[in-house]
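Bear in mind these aren't lab numbers, they're just calculated from the coordinates by the rules spelled out. Note that the structure is predicted; figures quoted are calculated from it, not measured. Reconstructed Cβ throughout: ideal geometry from the backbone, glycine too, with neighbour counts over all protein chains shown.
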Amino acid sequence: MDNKIKTLYWDKETLYLLDQRFLPNRVEYRSCRNYLEIISAIKEMSVRGAPAIGISAAYGMAVAAREALQKDFNTVQMLSYLEQAASELIKARPTAVNLFWAVKRIEIILQDHLESKPEEIYSIILKEAQQIHKEDIENNRLIGMHGNKLIPEKASILTHCNAGALATGGYGTALGVIRTAFENGKNIHVYVDETRPLLQGARITAFELCQEKIPATLITDNSAAFLMSRGGVDLIIVGADRIAANGDVANKIGTYNLAILATYHDLPFYVAAPISTIDPEIGSGSDIIIEERSGSEITGIGENLIAPKDIEVTNYAFDITPASLITAIITEKGIISKPGYRELKKLL
Ligand code: MRU
């Protein structure tokens, strides 16, 4: 994917985000020249996926610093503008911890530059955002390398949502493991859950797999149980939006269903995520805030209404998979089997 379609890139003091709402029909970038545009892009899901929104928010701080320069702010004014930008960026979506993690990383750096010139502050923030971006791709390659050890020579793999190159800075987490196995000549077949309501599986994961020519089959979310009962799946691998200190995982709604099905069918259930997705401040999954999105995402597909528009709707964007249902978490530092509080603490 690296030399192909990018999730985001920085050019001439502007952040360009691939507008994923339009995939697979068209490849279009959304240019962001002020931090409020980045907040809108995250909320509207032009950019999505936990690591990708973290990286976007880090660049969002660089964009805010650039705005401050254009407004001719002095250091004090600039720092106050950045504080405001940080507090608004972290509110764009509530579940993925990467958003908070990335903004905090920039804020920590700023502590050493409280008296620096505005130009210097801008260039330091931009450098840190670019470093976060670069590290994410490197970590994903390491996740792929470790995760590949869990993939048999021939495997039928089920995945949910999109934890691919387009959900990250590049290469992907769950899809990064699949990609590494494929690059290593393994005989891989991927089943892709379409992932209602926003169809990240059908629109984005299927798109990435077709681009990479990795054999794949698209299924409806409700086909997974039957497919497993027929022996069609060897293992399940998904990404994560936040991992609690005890190993409980928040990920796209429907992940928990798959973990229960995997347990019932005695199949390994893997979560691939960078360490930045682990939130040591959250004790268990029940403390993770689950985003609820507009009912219109369920009552309609695109412009087409598929349910009475007045029907009451509950639209949880994520669910919690208890650690007890997870065979292993794959990180850039290695594989944590039977994840729990003690195992995760060793990584942090
Ligand atoms: O609502 P989304 O599309 O942002 O949800 C994305 C997921 O749930 C991914 O699995 C998760 O963020 C990991 S991406 C590497």
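Here is how the numbers come out for the structure above:
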quantity	calculated
Check: the range 133-174 dipole with +1 on Lys, Arg Cβ and -1 on Asp, Glu Cβ, in debye	120 debye
Chain lengthening between Arg141 and Asn315 when straightened (0.36 nm per residue, less Cα-Cα)	59.3 nm
Computed E for Asn184/Lys91 - FRET, C-beta separation, R0 41 angstrom, nearest 0.05	0.50
Shape category assigned to the range 148-345 from the gyration tensor of Cα positions, a/c cut at 1.5	oblate
Vicinal HN-Hα couplings computed from phi for the range 282-288 (Karplus, 6.51 cos²θ - 1.76 cosθ + 1.60; Hz; Gly/Pro x)	9, x, 8, x, 5, 8, 7
Those aspartates and glutamates that a straight Cα-Cα span of less than 12 Å connects to Lys345, excepting residues fewer than 8 apart in one chain	Asp279, Glu281
Percent RCO, i.e. relative contact order, over the chain, from Cα pairs under 8 Å lying at least 6 residues apart	16 percent
Total charge dipole magnitude, the range 8-140, about the Cα centre, Cβ charges on Lys, Arg, Asp, Glu only, Debye to nearest 20	480 debye
Most positive-pole-ward Cα, Leu89, Phe73, Ala62, against dipole of the range 50-102 from beta carbon charges	Leu89
Note, ³J(HN,Hα) from phi for the range 101-112, Karplus 6.51, -1.76, 1.60, rounded to Hz, x at Gly and Pro	4, 5, 5, 5, 4, 5, 5, 5, 4, 4, 4, 8
Antiparallel content of DSSP bridges confined to the chain, in %, to 5	50 percent
Computed FRET value (nearest 0.05) for Lys43 with Gln70, which takes r as the C-beta separation and R₀ as 35 Å	0.90
Leading residue at positive end of dipole, the chain (Cβ point charges), from Ile290, Tyr35, Gly170	Gly170
Fewest-first sequence of Asp193, Asp279, Asp221, Asp72 by Cβ atoms within 10 Å of each Cβ	Asp72, Asp221, Asp279, Asp193
Sites matching GluC sites (Glu not before Pro) across the range 53-148 that sit in DSSP coil, with at most 12 neighbouring C-beta atoms within 10 Å	Glu115
Whole-angstrom gap from the range 1-36 to the range 136-176, using each part's C-alpha centre	22 Å
The range 303-348 versus the range 64-94: alpha-carbon centroid distance in Å	32 Å
Karplus (6.51, -1.76, 1.60) ³J(HN,Hα), θ = phi - 60°, over the range 220-231, in Hz, Gly and Pro reported as x	6, 4, 7, 8, 4, 4, 5, 4, 5, 5, 8, x
Chain lengthening between Glu343 and Glu107 when straightened (0.36 nm per residue, less Cα-Cα)	82.1 nm
Extension gain from Ser284 to Lys127, taking 0.36 nm per residue of separation minus the Cα-Cα distance	53.1 nm
Dipole magnitude of the chain about its Cα centre (Cβ charges: Lys, Arg +1; Asp, Glu -1), debye to nearest 20	740 debye
